[in-house]
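Data block below; observations after.
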Amino acid sequence: MSVSGDGHEFMEVKKRLGGGKSPGGDEREYDLGTKKLDGTLHAKHAFVTFENSKILSAGEFHRRFQVKFPTAEMFGSREWHADGTSHYHVVMRFPRRKHFTNTRKSLLLDGEDGEVVVRVSVNKSIRSFLEGTQAYCARDNNPDTFGTWMDPRTRTGTRAKQKDREALVESEPRVRITPRTKRKHEALAEAKRNYETKRQKLRETDPRRIRLTV
């Protein structure tokens, strides 16, 4: 197995998750705690399975994946089926949230036509998500791993807690404010400031008058 990155972190996670092995490859033993997506992806982290891949070399799959997603971090592995076909698991981390309306089409490499299963973190810290999914890729001392083990160590402090709260709901769509709505909010805020200014001036000239019509 070839794993680049923090080897110490990798061994610690394997020890905590029972040696990194799973009899029969049972996903439940790794508590992935994820939700399968259908169609749309809006997330920074994702655990992707590429079924029935035609790419036989894990190194070639990794190279082509890097070409398609040059800014993404990744750690993955290849698994063989009894019928001689294979699939790949890839844990991905983008620099910022990605939004794909057609996830399968956006993630498939050229020449591939298999199914694509995408899972994201739901009600689970990003640390647990990365540890569980990466350990699942490396289970049973899989010799066909590739990429770099992503350091999931948590941060400390108020800012870190806020980031973790954001991560728990990162797969949910964000509310986008249109320019028209933004201008309306700014106009209302300006009107409120003008009203308060006039009210203050009136109080200074005649304290008995506290009502002002605008």
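Every read-out reported here was derived from the displayed coordinates using simple, explicitly stated rules and does not represent laboratory data. The shown structure was predicted, so the numbers you read here are calculated from the model rather than taken from an experiment. Quick reminder, even Gly has a Cβ in these numbers, built from the backbone with ideal geometry, and neighbours come from all protein chains shown.
Mind checking which residues of segment 87-103 are surrounded by fewer than 17 Cβ atoms within 10 Å (Cβ to Cβ) and over 11 Å from the mean Cα position of the chain (by Cα)?
T101, N102, listed by residue number.
Just give me the residues in segment 59-85 being small (G, A, S) and surrounded by fewer than 21 Cβ atoms within 10 Å (Cβ to Cβ), in sequence order.
G59, A72, A82, G84
Just one of H99, H89 is in contact (Cβ under 8 Å) with a residue 40 or more places away in the chain, more than 15 Å from T49 (Cα to Cα), part of a strand (DSSP E or B) and not hydrophobic (A, V, I, L, M, F, W, C); which is it?
H99
Which of the residues spanning segment 102-125 are assigned to a loop (DSSP other than H, G, I, E, B) and either touching a residue at least 60 places away in the same chain (Cβ under 8 Å) or not small (G, A, S) (or both)?
N102, L108, L109, D110, E112, D113, G114, E115, V122, N123, K124
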